[in-house]
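Every read-out reported here was derived from the displayed coordinates using simple, explicitly stated rules and does not represent laboratory data. All values reported here derive from a predicted model rather than from experimental measurement. All Cβ positions, even for glycine, are placed from backbone atoms using ideal geometry, and neighbour counts span all protein chains on display.
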Amino acid sequence: MPRLFMPSCNNSLMYTRSIRRLGNYLLDRGLVDGWTGCCKPGGPGHADIPEGADIVVICNSCMAIAEESLNCNSVTNALEIILEDDGFDYPDYGGEEITIQDCWRARGRHSLHDAVRELMRRMNLVPVELPENRDRSRFCGVTTCQAMPELNAKLAPGRFGNVGEGLFVPRGEAERRELMREHVAQITTPRVASYCISCDAGLALGGADSASLVNLLFDKSVPL
């Protein structure tokens, strides 16, 4: 069965150039056989996802939904695949110290946590840890300041059906912004890097100079 890249609808919209470059890199290196559609029923190209395929993702939600609701052979994060490619051309960020923001949606994914940090080191970045890192992270931007999307809970109950106290509580706009500011206040480096589109947006809302890992890898020209 084919190995296919699932680019994520939201990531493709937010990081258009970097996602295109990531997909083309995976194709050019023979690491995938093609692209596929949305992880959710009714989404673009969803009906064309073949059963038994190996799926490569860049989104934590896509990963959970593909694992739990699609009849896939395997699901792998593209960041882990890049790390295994000895020929990848890493940009050089000159030894910059940068805080790493882990995502609540990635809890339990220890190989992804490790891959993110190693990719940063290979880009000549020095990752700085937050107190609530890896599985301790409760952060996912403002998504945890609103009710859990019913479709997410239905499609990936193992990931989204059992959340911690205080998460996915509806909050007003002013309170959301203040919570993001409080979170950003603990960051001690000029920039912070994340591997989740919702984390990235929440960090920016809180006033951080937020960088997406996919942009750091594939589009150094993007203002960060």
If you take the charge dipole of the chain about its Cα centre, with +1 on Lys and Arg Cβ and -1 on Asp and Glu Cβ, which of Ala153, His110, Gly94 is farthest toward its positive end?
Ala153
Counting other Cβ atoms within 10 Å, which GluC sites (Glu not before Pro) in region 125-224 have at most 10 and lie in a DSSP loop?
Glu165
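Report the full-extension gain for the segment Asn24 to Arg122: residue separation times 0.36 nm, less the Cα-Cα distance, to one decimal in nm. Please list the in-between numbers first.
On the way: separation 98, 0.36 × 98 = 35.28 nm, distance 2.08 nm.
Using 0.36 nm per residue and subtracting the Cα-Cα distance, I get 33.2 nm.
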Long-range amide H partners of Asn77 with built H, under 5 Å:
Val57
Please work out the ratio of the alpha-carbon Rg of region 1-133 to 2.2 N^0.38 Å and round it to two decimals.
1.08
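Hey, what number do you get for the chain at 222 nm if only DSSP H runs of n ≥ 4 count, each worth -39500 (n - 2.57), divided across all residues, to the nearest 500? Walk me through the intermediate numbers first.
Numbers: 10 runs with 85 residues, N = 224.
Dividing the helical sum by the residues of the chain leaves -10500 deg cm²/dmol.
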Which three numbers, in whole Å and largest first, are the semi-axes of the equivalent ellipsoid of the chain derived from its Cα gyration tensor as √(5λ)?
26, 23, 14
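Would you work out the relative contact order for the chain, in percent, from Cα pairs under 8 angstrom that are 6 or more residues apart? List each step's numbers first, then the result.
On the way: 382 pairs, mean separation 42.5, N = 224.
Averaging sequence separation for qualifying contacts and normalising by length gives 19 percent for the chain.
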Under a Cβ-only charge scheme (Lys and Arg +1, Asp and Glu -1), can you give me the dipole magnitude of region 3-83 about the Cα centre, in debye to the nearest 20?
400 debye
Could you give the dipole magnitude of the chain about its Cα centre, charging the beta-carbon of Lys and Arg +1 and that of Asp and Glu -1, in debye to the nearest 20?
420 debye
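Assign unit charges at the C-beta atoms only (+1 for Lys and Arg, -1 for Asp and Glu), then state the dipole size of region 96-218 relative to its Cα centre in Debye, rounded to the nearest 20. Intermediate values should be presented prior to the final figure.
Details: 16 positive and 16 negative charges, 69 e Å.
Approximately 340 debye in magnitude.
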Where does each of Leu216, Leu31 land when they are ranked from fewest to most other beta-carbon atoms within 10 angstrom?
Leu31, Leu216
Under 5 Å between amide hydrogens, which residues at least 5 positions from Met148 or on another chain qualify, with H placed 1.01 Å from N in the peptide plane?
none
Please give the FRET efficiency for Met1 paired with Glu84, using the beta carbon to beta carbon distance and R0 = 22 Å, rounded to the nearest 0.05.
0.65
At 0.36 nm per residue, and after removing the present C-alpha to C-alpha distance, how many nm does the segment from Ser69 to Leu167 gain when stretched out fully?
33.0 nm
The farthest towards the positive end of the charge dipole of region 1-127, of the residues Val75, Pro44, Leu4, given +1 on Cβ of Lys and Arg and -1 on Cβ of Asp and Glu, is Pro44
Tell me the label-point distance for the pair Asp54, Ala185, using the 7 Å Cα-to-Cβ offset, in nm and rounded to one decimal.
4.8 nm
Output ³J(HN,Hα) for region 30-44: one whole-Hz value per residue in order, computed from phi by the Karplus curve 6.51 cos²θ - 1.76 cosθ + 1.60 with θ = phi - 60°, and x for Gly and Pro.
x, 8, 9, 9, x, 9, 9, x, 5, 6, 9, x, x, x, x
